[in-house]
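Enquirer: Dumping the structure here so I can ask a few things about it.
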Amino acid sequence: MTLNVLFSAPSHRWHIYQRPLEVAFASAGVTVNLSGDHAPNSVDYIVFAPNGPVDDFSAYSRLKAVLGLWAGVETVVSNPTLTVPMSRMVDTGLRDGMVEWVTGNVLRYHLGLDPYICTQDGSWNPVIPPLARDRRVTILGLGELGSACASALARLNFQVSGWARRARGIEGVTCLQGSDGLDHALSRAEILVLLLPNTPVTTNILNASALAKMPKGARIINPGRGPLIDDDALLASLNTGHIAHATLDVFRVEPLPKDHAYWAHPNVTVTPHLAAETRPDSASQIIAENIRRFEAGQPLKFLVDRGAGY
Ligand code: NDP
Ligand code: OXD
């Protein structure tokens, strides 16, 4: 049987994904008619990214499931027209990219590299950083990405704490839960990494009161989602020096508007939502395998929990 698979993502992505998806479906033994332009009532599966053509699923009368190309699903998770199961992207490419980006940014802060990179004026003022074993790093969110980052940092000897909704056990990482756990995690965060999803519960989790619980001079790295941070509160904390620096990859509005205060702030580094990119070859294999499973009567892997919002 041939399955009609609709590729619904921004149009420039079609040429990046067409071949990897075709190869992945062939190697999974799934026969598909893959297109960016199927009639809605003929579509069996949708490969989905935010900002693509489909935002109303009502006309897709024979749709069996939606396969997300992104890890974050906040733009679609509460869409009332989505009535079939949806998977999100869990993939080694995404995971390894995030581990590399987070580790690099933690090491930038830990080693105090900026003065040497930014000023080469003949001054000779060594500032010896502590060893990683004496540096406390906190990660909010210990899912697929947060737990991999926590493990990588623990392997480098950092004192890593993490916080999640449910109990987690990660070797070398102090795993915390609940509001007391959050307070404790924040209070020891010399470097804080945000890898929570954007849900109604996590919005503005890093507000003025949470920022005040962090040690003076702390640094923040946010590859999670922009709405996790109360931007005004962060700017105020940066201005008093309570928070020394922030590296922000994600924002409430993207691209970050040119007149946003973050661009001009001397203690903010803005990166353009690139911390972890979905890699077409490995991601296509995940999608093809998931459709193969579903056709064989097995549940989708990496199912979105629509009640929890992620
Ligand atoms: P997961 O769903 O695997 O992990 C989410 C983590 O957040 C889990 O540990 C979960 O807890 C925790 N969490 C969720 N809600 C709460 C809450 N209310 N209180 C405490 N903990 C909570 O997601 P991923 O690790 O795959 O991805 C995380 C996020 O990273 C994505 O949602 C996306 O926003 C962002 N991302 C950013 C990218 C970039 O390029 N900047 C690329 C890819 C993803 P529990 O373990 O108990 O479920
Ligand atoms: C994602 C992202 O959620 O790239 O996958 O932000």
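Enquirer: Percent of alpha carbon pairs in the chain separated by more than 29 Å?
Expert: 41
Enquirer: Most fluctuating residue of Asp180, Asp44, Asp249 in a GNM of the chain with Cα springs under 10 Å: which is it?
Expert: Of Asp180, Asp44, Asp249, the most mobile in the Gaussian network model is Asp180.
Enquirer: Please give me the summed charge of the neighbours of Glu144: other residues whose Cβ is under 13 Å from its Cβ, Lys and Arg +1, Asp and Glu -1.
Expert: Summing Lys/Arg as +1 and Asp/Glu as -1 gives +2.
Enquirer: Right, here's the next one. Between Ala208 and Asp305, what is the FRET efficiency for a Förster distance of 41 Å, r being their Cβ-Cβ separation, to the nearest 0.05?
Expert: According to the calculation, E is roughly 0.85.
Enquirer: How are the alpha carbon pair distances in the range 174-260 distributed across 5 Å bins from zero to the largest one, expressed in percent?
Expert: For the range 174-260, the binned pair fractions read 3, 14, 26, 28, 18, 7, 2, 1 percent.
Enquirer: Give a quick list of trypsin sites (Lys or Arg not before Pro) in the range 40-137 that DSSP marks as loop, anything other than H, G, I, E or B, with at most 15 other Cβ atoms within 10 Å.
Expert: Listed in order of number, the matching sites are Arg62.
Enquirer: How big is the antiparallel share of DSSP beta bridges in the chain, given as a percent to the nearest 5?
Expert: Bridges in the chain that DSSP calls antiparallel: roughly 5 percent.
Enquirer: How much accessible area per residue does the range 148-236 have, counting only protein heavy atoms and a probe of 1.4 Å, in square angstrom?
Expert: Solvent-accessible surface per residue comes out at 42 Å².
Enquirer: Still on this structure: Using a basic spin-label model with each label point 7 Å from the Cα along Cα→Cβ, how many nm lie between Asn79 and Tyr116?
Expert: Going by the 7 Å Cα→Cβ label model, 4.8 nm.
Enquirer: To continue, here is another question. Which value in nm describes the separation of the simple spin-label points at Ala26 and Met1, placed 7 Å from the Cα toward the beta carbon?
Expert: Distance between the two pseudo-spin positions: 2.4 nm.
Enquirer: Still on this structure, I have one more. Where nothing but the Cβ of Lys and Arg (+1) and of Asp and Glu (-1) is charged, how large is the charge dipole of the chain around its Cα centre, in debye to the nearest 20?
Expert: I would put it at about 620 debye.
The values are calculated or read from the model by the stated rules, or taken from the named source; none is laboratory data. Just so it is clear, the model here is predicted, and its values are computed rather than measured. Positions of Cβ are generated from backbone atoms using ideal geometry, with glycine treated the same way; all protein chains shown enter the neighbour counts. We work out accessible area using only protein heavy atoms, side chains counted, and drop any ligands, DNA or RNA first. Shrake-Rupley method; radii C 1.70, N 1.55, O 1.52, S 1.80 Å.
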